[in-house]
1. Take the Cβ-Cβ distance between residue A:108 and residue A:43 as r, set R0 to 22 Å, and report the resulting FRET efficiency rounded to the nearest 0.05.
2. With a Cα-only, solvent-free Debye model of the protein assembly as shown, what are the log10 I(q)/I(0) values at q = 0.06, 0.08, 0.14 Å⁻¹?
3. Using Cα centres only, tell me the gap between region A:156-192 and region B:186-203 in whole Å.
4. Scanning chain B for helices, which whole DSSP H stretches are 30 Å or more long along the axis (Cα) and average -0.5 or more by Kyte-Doolittle?
5. Let me make sure I get this right: for chain A, a, b and c are the square roots of the gyration tensor eigenvalues over alpha carbons, sorted descending. Under 1.5 in a/c it's rounded, otherwise prolate if a/b > b/c, else oblate. Which is it?
6. How many nm separate the modelled label positions at residue B:95 and residue A:96, each set 7 Å beyond the Cα in the direction of the Cβ?
7. Using a Förster distance of 22 Å, how high is the FRET efficiency between residue A:88 and residue A:116, based on the Cβ-Cβ distance and rounded to 0.05?
8. Given the options B:29, B:86, A:41, identify the residue whose Cα lies farthest towards the positive end of the charge dipole of the protein assembly as shown (+1 on Cβ of Lys, Arg; -1 on Cβ of Asp, Glu).
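The values are calculated or read from the model by the stated rules, or taken from the named source; none is laboratory data. No experiment lies behind these values; they were computed from the predicted model shown. Glycine also receives a Cβ, built like all others from the backbone with ideal geometry; neighbour counts cover every protein chain displayed. For accessibility, only protein heavy atoms count, side chains too; no ligands or nucleic acids. Shrake-Rupley method; radii C 1.70, N 1.55, O 1.52, S 1.80 Å.
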There are 2 protein chains.
Amino acid sequence: MSGGSERRGAGEGTGGQADRRVRADAQRNMDALLRTALAVFATSGVDAPVREIAERAGVGVGTVYRHFPQRSDLIAAVFRREIDACADAASLLAAEYGPFDALAQWMLRYVDFVSAKRGLAAALHSGDPAYEALPAYFDQRLRPALQGLFDAASAAGAIRTGAKPNELLRAVASLCTAAHDVGPDYARSMIGLLLDGLRYGAAGSA
Amino acid sequence: MSGGSERRGAGEGTGGQADRRVRADAQRNMDALLRTALAVFATSGVDAPVREIAERAGVGVGTVYRHFPQRSDLIAAVFRREIDACADAASLLAAEYGPFDALAQWMLRYVDFVSAKRGLAAALHSGDPAYEALPAYFDQRLRPALQGLFDAASAAGAIRTGAKPNELLRAVASLCTAAHDVGPDYARSMIGLLLDGLRYGAAGSA
DNA sequence: CGAATATACGGAACTATGTTCCGTTTAGCA
DNA sequence: TGCTAAACGGAACATAGTTCCGTATATTCG
């Protein structure tokens with residue numbers, strides 16, 4: 001019943017606290033829950049009991065359900081947080097490495113993301129409305145992140161121009177899925193190949 | 001029976017009674033369960049409660065678990081039965097239609113199969129050991145079925161030779177998955193295209 | 001045909017897990 | 001410090017998978 005019409009919150013992102021400030025303990029518990037859930041999901045899969053997550057996070061189940069009305073909301077929140085982390089890594093890497101290396105490093109980071117989230121990816125197709133917005137969010141955050149790295153790299157003449165971030169993201173995700181049945185290094189070497197492909201017709205190379 | 005694991009008798013099909021004959025009521029209940037489960041899964045998805053299936057089939061839950069020790073065993077059995085039905089359709093169609101039409105009709109039949117089983121397909125990746133043998137069974141039954149139609153059609157000069165059943169099966173499955181996000185006719189028209197492609201270089205055409 | 005017996009049946013009971021409820025605690029504020 | 005809205009915790013409830021066991025019956029055998 002009730003349904004997810006009132007699914008606001010959690011995603012304000014840009015840091016506006018419209019009404020009353022969130023209580024510090026609430027914020028703390030929320031963080032602890034997300035961090036713990038991530039770890040538990042990694043260990044026991046997304047089907048891990050809510051009780052276990054609550055206990056390991058040091059809160060009661062009531063608190064879990066206060067922040068995440070449904071179990072799937074918690075999963076979705078964890079997923080979003082991971083998407084954010086992966087997207088944010090782009091600017092960090094851009095600051096630390098040169099244009100091409102930043103791109104290469106980020107691709108590896110993305111491989112880790114996709115590989116670790118295979119269980120979650122399956123849940124996405126379950127039809128639960130809590131997951132409906134995730135693909136869009138995925139695109140909204142990850143595509144610009146990769147686009148930025150592309151732009152920087154091609155501006156520096158390190159890679160060819162005109163590469164499509166979406167296609168790369170999808171291709172890598174497919175490769176990672178297939179990689180599960182093969183070896184763990186398979187994906188990495190294929191990504192290396194893709195990157196070399198991008199370099200091939202670059203302004204600075206030929 | 002060709003089916004992998006030693007899941008006890010049940011191989012009634014050709015009427016062979018190995019040891020003690022299965023009790024008639026047991027056989028009846030087994031059939032009713034499989035038929036009911038198929039209907040319930042189609043209506044409520046694979047997550048439908050076992051109780052509901054039992055009730056609708058007119059048996060107690062104990063009977064369900066006697067035949068299918070785990071819920072996933074029931075799902076797997078339904079899946080196998082559908083694979084069988086789809087594979088058996090090949091020879092039926094081959095007897096009723098000409099070589100090419102039989103192939104075309106079967107592809108449509110296969111599209112229905114894949115489309116209807118999308119929910120089950122998701123379950124396949126859950127890691128439940130009950131599903132482990134299904135991909136192999138899928139291949140074992142469907143590939144020869146399609147191969148037979150291919151052989152007949154190419155022997156009649158209706159299609160080119162050398163087509164790979166596996167690739168076609170996989171391609172159609174992919175198309176159907178994508179079709180879910182688009183329209184219901186999309187898959188059918190793409191399959192038509194594939195079939196025309198097979199006809200293109202046929203002995204009898206050029 | 002009727003008794004004997006292995007087999008199967010049904011559903012209550014047990015367990016696990018998602019979700020709700022509500023009395024208690026506490027952070028933030030005046 | 002005292003007040004209050006917000007948050008907390010976990011018992012209680014609801015639902016669903018699974019087990020157990022007394023009862024029913026198909027099949028066999030005399």
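1. Numbers: r = 23 Å, r/R0 = 1.04.
Here the calculated transfer efficiency is 0.45.
2. Each listed q corresponds, in turn, to -0.35, -0.62, -1.34.
3. Rounded to whole Å, the Cα centres lie 31 Å apart.
4. Numbers: long enough: B:71-96 (38 Å, 0.45); B:134-155 (31 Å, 0.05).
Going by DSSP H runs, the hits are B:71-96, B:134-155.
5. Details: a/c = 2.39, a/b = 1.80, b/c = 1.32.
The shape class here is prolate.
6. Between residue B:95 and residue A:96, the label points sit 6.8 nm apart.
7. Working: r = 16 Å, r/R0 = 0.74.
Plugging the Cβ-Cβ distance into 1/(1 + (r/R0)^6) gives 0.85.
8. The Cα lying farthest towards the positive end belongs to B:29.
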